[in-house]
Amino acid sequence: MTRRYITFNRKIASQKPSNQDACPFCDQSQLGRILERSGDMIWVENKFPTLEESYQTLVIESSKHEGDLSNYSIEELHNLFSFIMEKWAELEARDDFTSVVCYRNFGPQSGGSLRHPHTQIVGFHDIDAYEDLDLDWFEGLAVNTASTNQAQVLIATKPMVDFTEFCVRINDLSQLADLAEMVGGVAAYLLQEFLGGNCHSYNVFFYKLGQGLACKLVPRFNVSPYQIGYGIHQVNNREGLEAISQDLGAFLAQQFSNKKRFFVNCSG
């Protein structure tokens with residue numbers, strides 16, 4: 001394993017607004033340098049770049065302060081994912097970054113500081129964020145049957161962190177619209193149904209896998225001491241995974257009735 005470190009600037013971090021302050025994404029006069037607008041979405045430089053040796057940008061997804069992947073319309077999801085992919089590719093095309101990451105925070109335990117919906121796109125000058133990527137993270141128990149134009153929804157059998165993680169995969173970007181819908185559906189499941197509605201935070205991480213794309217949706221809770229102290233991952237047994245898969249399949253089949261035939265674990 002390669003140990004990678006990036007410097008955190010505490011002075012800049014101390015200036016960042018929080019959810020107790022007026023929202024800087026609602027009052028657009030307080031934004032950093034605007035790079036591009038597209039409808040309701042704005043790509044901006046992060047006004048508080050706390051990570052050194054990097055270039056931090058973000059996509060303000062919506063003017064709706066309470067917006068989220070879990071409650072956007074189908075059209076909003078399609079537009080958002082297309083815009084994010086376009087801006088991610090623009091940074092990757094530059095020659096001054098070793099790697100560019102794309103991810104999203106939601107909720108108080110996700111590592112984010114502001115409620116207003118936004119996605120981070122960050123270029124690292126000297127770090128290869130994908131150097132230790134393990135393809136096993138993107139495999140698992142299938143929630144649905146895949147077709148030529150259908151995103152594959154999986155529950156990880158070898159999670160990056162602990163317990164239950166979800167993955168949505170497509171083979172090429174022609175399936176991006178379906179990926180967006182399924183990610184929105186899984187996000188809604190996490191906040192509404194998962195663990196009896198007791199999940200309030202999650203992350204989405206974007207990865208390019210060959211010609212395809214994968215999104216890892218990671219519910220966020222307190223991290224296990226086994227993980228922190230020893231790097232030991234706790235995983236669900238097969239029975240537990242199958243129960244979650246059936247529950248998620250039923251939820252998605254109800255959310256997307258026109259795609260119900262693709263969900264192998266749905267009931268009814």
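The values are calculated or read from the model by the stated rules, or taken from the named source; none is laboratory data. Because the structure is predicted, anything quoted here is derived from the model rather than measured. When we count neighbours, we look across all protein chains shown, and the Cβ atoms used for this are built from the backbone with ideal geometry, even at glycine. What goes into the accessible areas is simple: the full protein's heavy atoms, side chains included, and nothing from ligands, DNA or RNA. Shrake-Rupley method; radii C 1.70, N 1.55, O 1.52, S 1.80 Å.
Scanning region 161-197 for residues that are charged (D, E, K, R) and not in a strand (DSSP E or B) returns 162, 165, 172, 178, 181, 193.
Is it the case, given these coordinates, that residue 30 is of a type in the set (S, T, N, Q), closer than 22 Å to residue 124 by Cβ and touching a Pro at 6+ places or on another chain (Cβ under 9 Å)? Judged against the criteria, residue 30 is not a match.
Of everything in region 228-242 that's open to solvent by 60 Å² or more (accessible area, probe 1.4 Å) and assigned to a helix (DSSP H, G or I), which residue is nearest to residue 193 (Cα to Cα)? Ranking the qualifying residues of region 228-242, first place goes to 242. Which of (1) in contact with a His (Cβ under 7 Å, 6 or more places away or on another chain); (2) open to solvent by less than 40 Å² (accessible area, probe 1.4 Å) is the odd one out, the single condition residue 84 does not satisfy? In the conditions (1) in contact with a His (Cβ under 7 Å, 6 or more places away or on another chain); (2) open to solvent by less than 40 Å² (accessible area, probe 1.4 Å), residue 84 misses (1) alone.
Kindly check whether there is at least one residue in region 31-54 that is of a type in the set (Ser, Thr, Tyr) and closer than 19 Å to residue 10 by Cα. The answer is yes, given that some residue of region 31-54 is of a type in the set (Ser, Thr, Tyr) and closer than 19 Å to residue 10 by Cα.
Listed here are the strands (runs of 3 or more DSSP E) enclosed by region 18-69 that have at least 1 residues being open to solvent by 60 Å² or more (accessible area, probe 1.4 Å) and either under 26 Å from residue 216 (Cβ atoms) or free of Cβ contacts under 8 Å to residues at least 40 places away in the same chain (or both): 34-38. With a requirement of 2 or more residues that are touching a strand residue (DSSP E or B) at 6+ places or on another chain (Cβ under 9 Å) and free of Cβ contacts under 8 Å to residues at least 40 places away in the same chain, the strands (runs of 3 or more DSSP E) lying completely within region 114-157 that satisfy it span 152-156.
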